[in-house]
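Scroll down for the structure; my scribbles are underneath it.
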Amino acid sequence: MQAVGRTAPRAVWGTDRQAAPLRPLTGRLYSRSLTHVAAKRTKKTPLLDYGSVASPIDDIVDAINARFGKGTITRLEGTSFSAVPMTPSGVLSLDAALGGGYPVGRIVEIFGPESSGKTTLALHAIAEVQKAGRTAVFIDAEHALDKKYAQAVGVDTASLLLVQPDSGEEALEIADQLARSGEIGMVVVDSVSALVPRAELEGEIGTITVGAQARLMSSAMRKLCGSVNKGNTTLLFLNQIRMKVGVVYGNPEITSGGNALKYYSSVRVDVRKKDAIKGDKDEVVGAKVRVKIVKNKVGVPYREAMFDVRFGMGIDELGSVFEAAELVDVIERKGSWYFFGDEKLAQGRENALLRVREDAELQSRLRQAVKDNFRTAGVSGDGDAALMDDDPEGQLGPFDEGTEFALAEPEVAVPL
């Protein structure tokens, strides 16, 4: 008996009877379905043929070049970005560590403690640029350039352009304008620490200007990186080292000018004075310098070079060739005697080096043998090779302990 006020439940379709079979599409209904399917197929995005001349990508590229200028966007295969030209550093062993020299059209940072040889390296690089027939500029922010020492190193002071700016903004604006001209081969800024912001100059001594120099360098790098590349200019920044306050563990050293220069530099060179060189009367006549490439975007980083710096003379170029010849086994040491192939040079390193200095023909053969050894190492160009293998542990120097470049110790699982 059905309850009052309630309706009988509806029968669910298909539960009480079997579903009827679908009828085939015929007539007008069939033709409409075919038209609908064809329309859906035509709405699909067609595949792009990148090899065809009438490709939409080529139309986009032509439109961009027409709006912003010819050559704004090109295919990488048709450009010259594959090989970065190099300018020699003036030291054969350093060229080998760098991979051929300082890159042209890039920013390079040379940093280290006081009296480690930073300005000497820059002057030797300027001399090499002048030998190639290009003009070099020295922005002396420290106002401490020695003309006689520059001449002793080999710099043509008659053609060297000197700038002694009043502020950091002035120095960097001059560097940007020179790089844009395309007529300058190298610009050296000595040093980043001496680039005083104009706000600091106009204030009193002791006025706190937090981050003023870092902001100055950060804004300048954004402009300079494009200027030096288009002008084929090598921009060489010399930088000093400061100490962090309150650092107990790790390396307290830090370079001045903020972090922008570290990012925009294609090559960063760490220069350290290692041992003193003494003369016949036990007086110090020079120093052994160790250079480590801590960053290299155009070659292999963490490679080292050693050379001698003679006071008042600059880098001992022949000594660096002798050092490189020892490292690549062109010159072999047997006991206390030094041999160049089957030829006996002398007993003791200084005597062997003196023998090479006195024989011009021997110097030429020694340089050529070192360069040939570099080429057989699989690198192109004069001096475009490394003095060390690709073992990172073997490339760590005595100053890398406790720094960011030291290898981390492998973690050992400790049982609980």
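The values are calculated or read from the model by the stated rules, or taken from the named source; none is laboratory data. In this text the structure is predicted, and so the values were computed from the model without any measurement. Virtual Cβ from ideal backbone geometry, glycine too; neighbours counted across all protein chains shown. The protein model used for the area step is the full one, side chains on, heavy atoms only, and it has no ligands, DNA or RNA in it. Shrake-Rupley method; radii C 1.70, N 1.55, O 1.52, S 1.80 Å.
Structure data summary
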quantity: Counted residues, the stretch 253-281 - those being free of Cβ contacts under 8 Å to residues at least 12 places away in the same chain, assigned to a loop (DSSP other than H, G, I, E, B) and open to solvent by 80 Å² or more (accessible area, probe 1.4 Å); calculated: 2
quantity: Hits in the stretch 181-228 (condition: farther than 22 Å from Leu121 by Cβ and in contact with a Lys or Arg (Cβ under 7 Å, 6 or more places away or on another chain)); calculated: Ser227
quantity: Count - residues of the stretch 152-180 that are open to solvent by 60 Å² or more (accessible area, probe 1.4 Å) and polar (S, T, N, Q); calculated: 2
quantity: Residue that is farthest from Phe111 (Cα to Cα), among those in the stretch 175-192 that are within 19 Å of the chain's Cα centre (by Cα) and of a type in the set (Val, Ile, Thr); calculated: Val187
quantity: From Leu178, Leu224, Leu172, Leu235, residue being closer than 23 Å to Tyr102 by Cβ and part of a strand (DSSP E or B); calculated: Leu235
quantity: Enumeration of residues in the stretch 295-312 that are over 22 Å from Met86 (Cβ atoms), in a strand (DSSP E or B) and out of contact with any Ser or Thr (no Cβ under 8 Å at 6 or more places or on another chain); calculated: Arg310
quantity: Residue under evaluation Ile184, criteria (1) β-branched (Val, Ile, Thr); (2) touching a Leu at 6+ places or on another chain (Cβ under 8 Å); (3) closer than 26 Å to Pro113 by Cα, criterion not met; calculated: (3)
quantity: Residue match in the stretch 109-126 (condition: surrounded by fewer than 24 Cβ atoms within 10 Å (Cβ to Cβ), modelled with pLDDT of 95 or more and assigned to a strand (DSSP E or B)); calculated: no
quantity: Checklist (1) touching a Pro at 6+ places or on another chain (Cβ under 7 Å); (2) at positive phi applied to Gly341, failing item; calculated: (1)
quantity: Arg290 being open to solvent by less than 10 Å² (accessible area, probe 1.4 Å) and of a type in the set (Lys, Arg); calculated: yes
quantity: Selection from the stretch 194-211 of residues that are touching a residue at least 12 places away in the same chain (Cβ under 8 Å) and either surrounded by 17 or more Cβ atoms within 10 Å (Cβ to Cβ) or at positive phi (or both); calculated: Ala194, Leu195, Val196, Pro197, Glu200, Gly211
quantity: Filter result (hydrophobic (A, V, I, L, M, F, W, C) and either open to solvent by 50 Å² or more (accessible area, probe 1.4 Å) or closer than 22 Å to Val328 by Cβ (or both)) within the stretch 293-311; calculated: Ile293, Val298, Val300, Ala305, Met306, Phe307, Val309, Phe311
